[in-house]
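**Student:** Have a look at this one.
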Amino acid sequence: MNPSSTNPSSQQKAVLVTGAAKRLGREIALHFARQGWDVAVHYGRSEQEAQETVAQILGLGVKAAAFQADLANEQAVKALFEDASKQFPNLHCLVNSASIFEYDRANSASPLSTKSLQDHMQINLAAPILLSQFMFEYHKNNLTKSDVLPSVIQLLDQKLINLNPDYLSYTLSKAALATSVEVLAMDFAPILRVVGLAPGISLLSGDQTEDGFSKAHQMTPLGKSSTPIDIAKAAVFLADSNAITGTTLYVDGGQHLLPSSRDVMFKTN
């Protein structure tokens with residue numbers, strides 16, 4: 001789908017959200033649109049959901065387009081950024097939301113394998129870093145005056161503070177991405193800000209039951225963890241905050257304050 005031609009907002013800011021067809025990415029994309037941002041919607045295989053998200057965003061009176069890319073393919077990642085930045089020359093924020101979350105644990109019947117680790121590292125680490133580099137080069141070569149510094153937002157996880165052995169490949173990939181927030185923030189300043197956003201348990205995952213999710217969601221100091229709209233609001237806040245870079249915002253109801261030897265979903269079965 002091409003961007004709507006009915007909104008003459010060439011100076012309006014745009015955001016590229018990866019994994020924006022479903023789940024957290026979709027809510028983040030929609031909330032940016034509600035705040036007046038144009039939105040480039042990336043998807044992997046969920047074309048129908050991506051087009052539905054684009055249609056909903058267009059209904060909010062801003063521009064939107066869907067872009068398919070396999071984030072495990074470096075050339076596809078490059079093409080994604082090139083296509084999105086051409087259709088949205090006002091690209092001002094990149095939200096790396098897409099990730100894979102598959103179970104493995106060293107001391108279990110599903111131990112870490114080379115393939116599992118490589119798959120998680122490619123999608124959850126390499127692709128976000130590549131896109132971040134492209135975003136930096138884009139703004140380095142296309143300096144424009146704006147009240148807000150452009151930004152990259154990396155979706156992380158509260159379990160990086162509250163570590164446990166479950167989902168080992170996933171945890172290692174997100175831990176490396178968290179480290180990149182500080183490193184890239186230093187490297188890309190003063191042209192581009194880089195920040196982390198760490199949700200708590202926000203949506204039902206895997207084979208978790210509705211009852212199990214409800215119980216897990218309440219296992220925080222505040223009696224509830226984050227919701228998708230909590231994360232979306234935080235993302236827009238970070239995109240609009242000039243003084244925030246090289247740090248991570250935990251939006252989890254305080255979930256990271258409660259150490260656990262298992263991933264929270266296993267404590268509610």
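**Student:** Could you please rank LEU131, LEU222, placing first whichever residue has the fewest other Cβ atoms within 10 Å of its Cβ?
**Tutor:** LEU222, LEU131
**Student:** Out of residues 5 or more away from ALA64 or on other chains, whose amide H comes under 5 Å of its own, with H placed 1.01 Å from N in the peptide plane?
**Tutor:** Answer set, sorted by chain and number: SER4, VAL39.
**Student:** Each residue of region 67-76 in turn: what ³J(HN,Hα) in whole Hz from Karplus with 6.51, -1.76, 1.60 and θ = phi - 60°, glycine and Pro shown as x?
**Tutor:** 9, 8, 6, 8, 6, 7, 10, 4, 5, 5
**Student:** To continue, here is another question. When the Karplus curve 6.51 cos²θ - 1.76 cosθ + 1.60 is applied with θ = phi - 60°, which whole-Hz ³J(HN,Hα) does each residue of region 126-138 get, with x for Gly and Pro?
**Tutor:** Values per residue, Gly and Pro as x: 4, 4, x, 5, 4, 4, 5, 4, 4, 5, 5, 4, 4 Hz.
**Student:** Please report the equivalent ellipsoid semi-axes of region 14-267, computed as sqrt(5 x eigenvalue) of the Cα gyration tensor, largest first, in whole Å.
**Tutor:** 28, 19, 19
**Student:** What's the local net charge at THR245, with K and R +1, D and E -1, over the other residues with C-beta under 12 Å away?
**Tutor:** Net charge in that neighbourhood comes out at -1.
**Student:** Counting other beta carbons within 10 Å of each residue's own, what order do ILE100, ILE57, ILE28 fall into, fewest first?
**Tutor:** Placing the least packed residue first, the sequence is ILE100, ILE57, ILE28.
**Student:** May I ask you to sort VAL183, VAL17, VAL95 by Cβ crowding, counting other Cβ atoms within 10 Å and putting the fewest first? All intermediate terms of the calculation are to be shown ahead of the outcome.
**Tutor:** Details: VAL183 12, VAL17 34, VAL95 31.
Going from least to most buried by this count: VAL183, VAL95, VAL17.
**Student:** Ordered by residue, what ³J(HN,Hα) values in Hz, to whole numbers, does region 159-169 give under the Karplus form 6.51 cos²θ - 1.76 cosθ + 1.60, where θ = phi - 60° and Gly and Pro are x?
**Tutor:** 5, 5, 8, 9, 6, 8, x, 6, 6, 4, 4
**Student:** Mind listing which trypsin sites (Lys or Arg not before Pro) in region 132-169 are in a DSSP loop and have 15 or fewer other Cβ atoms within 10 Å? Mind showing how you got there, number by number?
**Tutor:** Details: sites: LYS140, LYS145, LYS159; in loops: LYS145.
Answer in residue order: LYS145.
**Student:** For the pairs LYS174/LYS233; LYS13/LYS233; LYS22/LYS86; LYS159/LYS233; LYS13/LYS86, flag any whose C-alpha to C-alpha distance is greater than 18 Å.
**Tutor:** On the way: LYS174/LYS233 21 Å; LYS13/LYS233 16 Å; LYS22/LYS86 24 Å; LYS159/LYS233 21 Å; LYS13/LYS86 14 Å.
LYS174/LYS233; LYS22/LYS86; LYS159/LYS233, as the Cα separations exceed 18 Å there.
**Student:** Only Lys, Arg, Asp and Glu count, each charged at its Cβ (+1, +1, -1, -1), so figure out the dipole size of region 14-267 about its Cα centre, rounded to 20 debye.
**Tutor:** Details: 20 positive and 25 negative charges, 62 e Å.
Dipole about the Cα centre, nearest 20: 300 debye.
Read the figures in this text as sums done on the coordinates, not as results from a lab. Predicted model, so just to flag it, every value in this text is computed and none were measured. Don't worry about glycine lacking a Cβ; one is built from the backbone with ideal geometry, like all the others, and counts go over all protein chains shown.
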